[in-house]
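Read the figures in this text as sums done on the coordinates, not as results from a lab. Owing to the predicted nature of the structure, the values given are computational and were not obtained by experimental measurement. No Cβ is skipped: glycine too gets one built from the backbone with ideal geometry, and neighbour counts run over all protein chains shown.
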């Protein structure tokens, strides 16, 4: 899986997109990562978001491949009004519960949600949100 953030095109490249990258477990495989990512996607669809879509690999397809393949662990979230805080809160809860790391990218800024104390995580989230969204 690429270490770079993929280039988004079309509707998935709007400024309201949050890009999520679920980090695979050290002993996990692509199938497990795809299942975990789908579970996170389902939870996020319950929030005030416009869409949560897998991100397609835009690199040239291998010979004989049929269309673009989704990148394992990557999601593009098109936000509804005031949804950034909700999305981050849901990702933090999910990452803590599943013991996974998730990178949240928004407007060129990245927040890595990982195993830190809840106080440390809250400070990191608030700093991130202060840069991008008004507090409610």
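Of note:
- The order of the peptides 82-88, 48-54, 18-24 by mean Cβ neighbours within 10 Å, most packed first, is 18-24, 82-88, 48-54.
- Peptides 38-44, 90-96 ordered by packing proxy, namely the average of other Cβ atoms within 10 Å per residue, highest first: 90-96, 38-44.
- Each 10 Å bin, from zero up to the one with the longest distance, holds this percent of the alpha carbon pairs of region 76-126: 23, 60, 16.
- Cβ-Cβ distance of residue 51 and residue 99, R₀ of 30 Å, FRET efficiency by 1/(1 + (r/R0)^6): the value works out to about 0.65.
- Using R0 = 25 Å, the C-beta based FRET efficiency linking residue 107 and residue 43 works out to 0.65.
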